[in-house]
Amino acid sequence: MLIAGFPAGAWGTNCYLVAPAAGEECVIIDPGHQAAQGVEEALRKHRLKPVAVVLTHGHIDHVASVVPVCGAHGVPAWIHPADRYMMSDPEKALGRSVGAPLMGELTVGEPDDVEELTDGAKLGLAGLEFSVAHAPGHTKGSVTFQMPEAADVPSVLFSGDLLFAGSIGRTDLPGGDMDEMLGSLARVCLPLDDSTVVLSGHGPQTTIGQERATNPYLRQLAADRREHGAGEAPRRGM
């Protein structure tokens, strides 16, 4: 499997291209602010043909290049319906007044073809399978994409802004909710094997085992689960 990732734009948002191997079809995850050039360079370098763009959530730093990337290659964009409005109304998503300037010239709006993600869906794209988990907390429509373990390749979780190395996504923007965030972390992340590789929306890669051992949020959630049982949510946030 080939995963080519790079941080893009003013927010350093990680964009990923995922393919079975070089020279084959690929899926593009979160082409954000100023990501279009990096996407084209990675496509040329690895001789890839995109078949879809998939989005972990609708914040502008993750979707700003969706229109040019989808338009250049005639591919659909997949997003959860609760975040779809953000592609056309980024100011509202960020809690800004309408007309307030965003950083740089951004192409906002929807591509010609938009497909909606649902919790538990299995996306078969580019010869790969992505399991979708609805994970609200950072936004109402946040999702993760998990690829199953195969041969000697561990499972991979594209966590968006749910889980970072040593931290979690912020919950203070419109649509954010700490209780939902903690619930998503407990439901989506805690059950995963320690070997699962986490590729997040910002920062370096990590593993579930590393985060279970060192991330203060997952440590507390795991402790709550041991004390109260797997079926109960933590009694308070952090």
Cβ-Cβ below 6 Å, separation at least six or inter-chain, first residue in the range 169-195 and over 24 Å from residue 11 (Cβ atoms) and among the charged types (D, E, K, R), second surrounded by fewer than 17 Cβ atoms within 10 Å (Cβ to Cβ) and at pLDDT 95 or above: which pairs? 194/209
Anything in the range 157-170 that is in a strand (DSSP E or B) and open to solvent by 10 Å² or more (accessible area, probe 1.4 Å)? List them, or say none. 164, 167, 168
Residues (part of a strand (DSSP E or B), within 16 Å of residue 158 (Cα to Cα) and either open to solvent by 40 Å² or more (accessible area, probe 1.4 Å) or in contact with a Leu (Cβ under 7 Å, 6 or more places away or on another chain) (or both)) located in the range 15-34: 16, 17, 18, 19, 26, 27, 28
Collect the residues in the range 120-148 that are within 30 Å of residue 48 (Cα to Cα), in contact (Cβ under 8 Å) with a residue 24 or more places away in the chain and in a loop (DSSP other than H, G, I, E, B), keeping them in residue-number order. 126, 127, 135, 141, 142
Any residue at all in the range 206-213 that's surrounded by fewer than 17 Cβ atoms within 10 Å (Cβ to Cβ) and assigned to a loop (DSSP other than H, G, I, E, B)? no
Just one of 162, 125, 117 is within 17 Å of the chain's Cα centre (by Cα), hydrophobic (A, V, I, L, M, F, W, C), at pLDDT 95 or above and within 24 Å of residue 206 (Cα to Cα); which is it? 162
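Of all residues in the range 171-190, how many are open to solvent by 20 Å² or more (accessible area, probe 1.4 Å), at pLDDT 95 or above and not in a helix (DSSP H, G or I)?
Narrowing the range 171-190 to residues open to solvent by 20 Å² or more (accessible area, probe 1.4 Å): 171-180, 183, 187.
If we keep only those that are at pLDDT 95 or above as well, we get 171, 176-180, 183, 187.
Now drop any that are not not in a helix (DSSP H, G or I), which leaves 171, 176-177.
Looking only at that region, the number is 3.
Results for (1) in contact with a helix residue (DSSP H, G or I) (Cβ under 9 Å, 6 or more places away or on another chain); (2) among the basic types (Lys, Arg); (3) surrounded by fewer than 17 Cβ atoms within 10 Å (Cβ to Cβ), shown as yes or no for each residue.
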{"residue": "120", "(1), (2), (3)": "no, no, yes"}
{"residue": "128", "(1), (2), (3)": "no, no, no"}
{"residue": "132", "(1), (2), (3)": "no, no, no"}
{"residue": "136", "(1), (2), (3)": "yes, no, no"}
{"residue": "143", "(1), (2), (3)": "yes, no, no"}
{"residue": "147", "(1), (2), (3)": "no, no, no"}
{"residue": "150", "(1), (2), (3)": "no, no, yes"}
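The values are calculated or read from the model by the stated rules, or taken from the named source; none is laboratory data. Source: prediction; values computed, not measured. Note: ideal-geometry Cβ built from the backbone for every residue, glycine included; neighbour counts use all protein chains shown. Just the protein is used for accessible areas: all its heavy atoms, side chains included, with ligands, DNA and RNA removed. Shrake-Rupley method; radii C 1.70, N 1.55, O 1.52, S 1.80 Å.
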